[in-house]
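Okay, handing you the structure first.
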Amino acid sequence: MKIVYKLFFLLMISALFSFQEVSKQSILKQENIIITSYPSINPVFKRLDINPQLYIKIIVPSGIGNIAIKKIAFQINKPGLKSIKKIELFSCTSLTFTTTNSLGSFQPTNSSFEIPIDVNLSQGTHYLWVGTTLNNKASINDLIEMHCTD
């Protein structure tokens with residue numbers, strides 16, 4: 001009986017550590033279209049115009065044609081919500097964050113929100129970056145945790 005409990009304990013510990021190492025979130029895998037979001041490893045700063053927060057990688061395989069994206073849904077924790085002044089969405093041609101092609105901005109008032117966009121994506125790999133502007137009252141102790149949910 002002790003062996004069973006020890007094995008169960010080891011399985012639970014390994015599952016916990018495996019869960020903590022996951023840094024991406026798959027949003028959609030339909031018709032071989034793969035959409036995955038990844039958090040940025042960059043710190044965010046108060047007086048910076050735009051901070052890269054997370055990116056969304058969209059893979060559209062050949063033979064499907066263009067796909068239209070009309071909105072992207074997000075969820076943010078309460079400390080992050082009170083720290084953010086503005087959220088802006090950018091389309092980038094590579095994994096490198098740039099502010100050249102803005103798709104729209106949003107001022108969140110709830111922890112769940114949607115950013116309306118109008119994007120048509122052809123076959124290939126596409127990157128959408130979410131940038132944030134912090135308000136002046138943002139605390140260095142507040143952790144911003146944002147997830148793309150749909």
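Can we say LEU81 is aliphatic (A, V, I, L, M), at pLDDT 90 or above and surrounded by 12 or more Cβ atoms within 10 Å (Cβ to Cβ)?
So LEU81 does not fit the description; no.
Moving to a separate point now. Based on what the data block shows, is LEU95 crowded, with 16+ Cβ neighbours inside 10 Å and modelled with pLDDT of 85 or more?
no
Right, here's the next one. Only one of these conditions is not met by LEU54: (1) closer than 15 Å to VAL119 by Cβ; (2) out of contact with any Asp or Glu (no Cβ under 6 Å at 6 or more places or on another chain); (3) at pLDDT 85 or above. Which number is it?
Unmet condition: (1).
So, one more: Does at least one position in segment 117-135 carry a residue that is touching a helix residue (DSSP H, G or I) at 6+ places or on another chain (Cβ under 6 Å), assigned to a loop (DSSP other than H, G, I, E, B) and farther than 15 Å from LEU54 by Cα?
No - not one qualifying residue is present in segment 117-135.
Okay, next question. Quick check, is SER102 out of contact with any helix residue (DSSP H, G or I) (no Cβ under 6 Å at 6 or more places or on another chain), touching a residue at least 12 places away in the same chain (Cβ under 8 Å) and of a type outside the set (Phe, Trp, Tyr)?
yes
Do we find that THR109 is at pLDDT 90 or above and in a loop (DSSP other than H, G, I, E, B) in this structure?
Considered against the rule, which asks whether it is at pLDDT 90 or above and in a loop (DSSP other than H, G, I, E, B), THR109 comes out as no.
Here's a follow-up. Please go through segment 97-124 and give me each residue that is under 17 Å from VAL60 (Cβ atoms) and over 16 Å from the mean Cα position of the chain (by Cα), ordered by number.
ASP118, VAL119, ASN120, LEU121, SER122, GLN123, GLY124
For ASP150, work out the one condition from (1) outside any strand (DSSP E or B); (2) under 23 Å from PHE45 (Cα atoms); (3) touching a residue at least 40 places away in the same chain (Cβ under 8 Å) it doesn't fulfil.
That leaves (2) as the condition not met.
The values are calculated or read from the model by the stated rules, or taken from the named source; none is laboratory data. All values reported here derive from a predicted model rather than from experimental measurement. Glycine gets a Cβ as well: all are built from the backbone with ideal geometry, and neighbour counts include every protein chain shown.
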